[in-house]
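I have placed the structure first, in the form of C-alpha cells, so that the comments after it can refer back to it.
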Amino acid sequence: MRGWTSVALLALVGCTNGGVNIDDLIDQDGDGFFVNDPTAGRADCDDRPTVGLNAFPGGLEVCDGLDNDCNGATDEDSAEGALEWWPDDDKDGFGKRVDSPKLACTVPDGYSANRRDCNDSDDAVYPNAPERCNGVDDNCNLISDEGFNPDAKWHVDADRDGYGSQELAGTGCATDPSWVENKDDCNDVNRRINPEADEICDGVDNNCNGLADDADTQSELVGARRWYHDVDADTYGNVIDAKLACLQPQPANEWVVNSDDCNDADPKQNPTTVWYVDADRDGHGSRRATWVNTQCWQPIGYSLTTDDCDDSNASEWKDRPWYADDDRDGYGSTQVVWTGCGHNPLWSENALDCADRDAARNPANVEVCNGIDDDCDGLTDDADAIVSGRTVWYRDNDADGYGVFFDRVEACAKPDGYAALSGDCDDSDPLRNGGTVWYVDADRDGYGDPADPSPVASCALVAGHVTNPDDCDDSDFFLNDYSLWFTDADGDGVGTGIVPVDQGCLNQPEGLAPKSGDCNDADPQDNAGGCFGPRQGLVTLTIHADAEPYQGGSTSVTLTCDGLAAPVLRNLLPADANKDLVIKTAVMAADSTCTLRITGDMLDLSGDGYTVVDVKACNDAVGSLELAPTSSTLPSFTVPNCAGCADPLALNFDPSVLIANNASACIYAP
C-alpha cells in the first residue's frame, strides 16, 4: 500500500519525478518501495523478491538477519525478538546474574544464555560440576564437599599396591596419590605382599592373614607339593588321601610323595609285593611258585600268604581252625577242637551253629513259629523277617472273636486287636459276626423260638429271625419271656388296666391275660369295639451285658410313671450275661413322665463294674444309663403316644403301636 501511495503522489505532480519516469521505478519484492526512488530516505535497501518484503525504509527491525529499517545496521540490540545474555567471565558456559543483561539477537562473545553460575571467576565451579574436596561449593547446590569424608584417615602406600601401611599420612581429603584409606598391608615395601596376594612356599606371610606357608590352611598354596597318606608305613601312599603342603607333614613316616599303594591298610600289599600260587583258591598260597613280577594288585589264583599245607584242598591250611559239630549238620559251635590241616566228620570249618546238639537248628534252616531261633540269626518267630507257618489274623475292633477279611496280618502270635476268624460284617457290633445265630420269630414279637429246628448262622440280618431264643410260644405275639400279664376277671382273654401284674412266659394263668384293653372286665362277651382303655405308650430297655458275667446276686429293674410304680420288670440272673437283653412294658401315655431305677448287683462289662442300658419310648431313644455297681437312676423322660404300623401281617409290624395306628406306614410283601 505504501508503494501505491508514492505512485499516487507522483501522479499529482505529473508523470516524472526528478526527471525519472514512473514507469522506470523498480519494486521487485512488492513492498511498495522502489530501489531507485529519488526521494530522499525513500529508496528500498533490499528489493530481493520475497526476501526483501520485510526490509524497507522505516520498517521494524527484528532478529532475522535483515536490515529491516534500511538504516545500514542488521539485527541491532534493540531489534524485535532480541534475547537476554548474561556475562560469562570464566567462559565455563554458565553466566552470572546481573541487573541489566545484554540484549542481542545472537550470543555475544563472553556471554551465556543462562545465569546459573554461582562463581563466575572460577571455570571449575558451575552447576553439576564434579565436586572436589576443597571447602568450595563446586556444583552450585549450596553444599560443599558432599560425598567426601572430612574425617577420612589416609595411610602411606609406598609400594603402590593399593594397600597402606600402619603409618598415618593425613586426615580429611586426600592430597597425595600414594595415600589410601586402608592400613591392611603387612609389608609396604614389597607390592607382591598384600591381602590379595597368593600364599607362596617361601616362609613369608604373603597374603597378610598372619599365617605363612603350611600354617595357612585358609589359602591355596603356590609352590606346594602334594603328599599322600601312608597309613601302613610301607613307603607307598594312598591316592585318595592327599594334601598340599610346602614341607612334609608330620609324622614323617606317614606321608610320602607317591600314590602307588593299592591297599594302604596292609603293608604287605604294594608295588613290591610278592604273590604266591593259590591253586585251590582258599586265600592261602604255597611256596611252590610265585608270580613272575612283583605288583600291587593281586593276580588271579595267587595269595599273599604261604601257609597252605594242602593247596589242592580249599578247606585246609596251616592255621585253619576247626569247630565241634556234634549234631553233624555241617555247622560248628564256638568250640575250637583243632587248628591246622586235617579233617574229622565231627568237625566243621565254621562256628555258626546256635544249638550244636539239635540238627534242626542251624543257619540253613527256615524260621518257624515255635518260639525257637531255628535259623541261628538271633531272632525268634515274628522278630525274624522270614518265618514259615505264620497264622493269618484279622482286625477285630469289637473284640467278638471275628475280624474283617480285608484288614489282616500274618504273625506267629495273635496281635492285640486281631482275631483268628474272619467273617465279621459289622466290626463295631460284637453281636453281629460270622458266629451269630438267628432264631425264627414267627409271631414277630422280637423274641426267637428256642425250639427252632434250623437256626441260621449268619453275620448279616436274616429276615424273620432274631438273635435271642427267649420266646416260649412263637405262635403268640403276646407270649414270650418278657410278656406282661394284666388282670382278666371275666376270662375273655383281654385284660384291663395299664399296669401289668406279672411278667414272663406263663401258660395262660387263671385270671390273667397277655394283653389289655377290656372296656368291661365283668362281661366276657364285651371285649370288642376298639376299647383299649387309657391311651398307652411303650418303654423298651436294652441292657448290653455281652462281655463279663456279673458275680452273683440279682438285679431289679423298676419303672415309675407319673408317680405310679410298675411291678418289678425283670430280675436279671447270671444266665442273662453275654446277651443283649430287651425288656418292653406298656405304660400310661398321654405325655406321662417316667423314671427308671435299677438296683442290686450289676452286670459287669469286662470287669470295669459298669453296664450300659439304652432306653427307648415308642422306638425313640430317650436316654442311656451307665449303671454304677450298686444302683442307678435315669433322669425323668416323657413317653408319647405310640403311632405306626400295628398290622401283624405287615413286614414292618410294630407291636409298640398300642393306640394310634397309621395304616399308610405299613409295608407288605409283594
Inset, instruction - Could you grab the pairs with beta carbons closer than 9 Å, sequence gap of 6+ or different chains, first residue in region 485-496 and in the same structural domain as Pro524 (by TED's automatic domain parsing) and among the basic types (Lys, Arg), second one buried (at least 19 other Cβ atoms within 10 Å of the Cβ) and modelled with pLDDT under 80? - result: none
Legend entry - Set Asn270, Asn253, Asn258, Asn293: member being touching a residue at least 24 places away in the same chain (Cβ under 8 Å) and surrounded by fewer than 19 Cβ atoms within 10 Å (Cβ to Cβ): Asn258
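Checking the condition of a type in the set (D, E, K, R), within 30 Å of Thr339 (Cβ to Cβ), at pLDDT 90 or above and part of a loop (DSSP other than H, G, I, E, B), which residue from Asp232, Asp264, Asp205 passes? Working first, answer last.
Numbers: Asp264 fails: within 30 Å of Thr339 (Cβ to Cβ); Asp205 fails: within 30 Å of Thr339 (Cβ to Cβ).
Just a single option satisfies the conditions, and that option is Asp232.
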Inset, instruction - Quickly run through region 329-344 and pick out the residues that are modelled with pLDDT of 80 or more and at positive phi. - result: Gly330
Legend entry - Hey, Cys341 over 30 Å from Cys412 (Cα atoms) and either aliphatic (A, V, I, L, M) or in contact with an Asp or Glu (Cβ under 7 Å, 6 or more places away or on another chain) (or both) or not: yes
Inset, instruction - Read through the list (1) at pLDDT 85 or above; (2) surrounded by 14 or more Cβ atoms within 10 Å (Cβ to Cβ), then give the number of the only condition that Lys414 fails. - result: (2)
Inset, instruction - Evaluate the following for Pro415: is it under 38 Å from the mean Cα position of the chain (by Cα) and without any contact (Cβ under 8 Å) to a residue 24 or more places away in the chain? - result: yes
Legend entry - Selection count where residues are part of a strand (DSSP E or B) and under 21 Å from Ala460 (Cα atoms), scope region 383-407: 8
Legend entry - Count of residues meeting criterion [within 21 Å of Asn619 (Cβ to Cβ) and at pLDDT 90 or above] in region 422-464: 2
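Residue by residue, here is whether (1) within 30 Å of Asp471 (Cα to Cα); (2) acidic (Asp, Glu); (3) in contact with a His (Cβ under 6 Å, 6 or more places away or on another chain); (4) not assigned by TED's automatic domain parsing to the domain that holds Leu649 holds:
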{"position": "Gly378", "(1), (2), (3), (4)": "no, no, no, yes"}
{"position": "Asp400", "(1), (2), (3), (4)": "yes, yes, no, yes"}
{"position": "Glu410", "(1), (2), (3), (4)": "no, yes, no, yes"}
{"position": "Cys425", "(1), (2), (3), (4)": "yes, no, no, yes"}
{"position": "Val440", "(1), (2), (3), (4)": "yes, no, yes, yes"}
{"position": "Gly446", "(1), (2), (3), (4)": "yes, no, no, yes"}
{"position": "Pro450", "(1), (2), (3), (4)": "yes, no, no, yes"}
Inset, instruction - Examine region 170-177 for a residue that is within 30 Å of Thr272 (Cβ to Cβ), part of a strand (DSSP E or B) and not polar (S, T, N, Q), and state whether such a residue exists. - result: no
Inset, instruction - Select from region 345-377 the residues that are modelled with pLDDT of 90 or more and outside any loop (DSSP other than H, G, I, E, B) and write down the one among them that is surrounded by the fewest Cβ atoms within 10 Å (Cβ to Cβ). - result: Val368
Inset, instruction - Determine if region 524-535 includes at least one residue that is surrounded by 21 or more Cβ atoms within 10 Å (Cβ to Cβ) and modelled with pLDDT under 75. - result: no
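The values are calculated or read from the model by the stated rules, or taken from the named source; none is laboratory data. These figures come from a predicted structure and were not determined experimentally. Methodologically, a virtual Cβ is constructed for each residue, glycine included, from the backbone with ideal geometry; neighbour enumeration extends over all protein chains shown.
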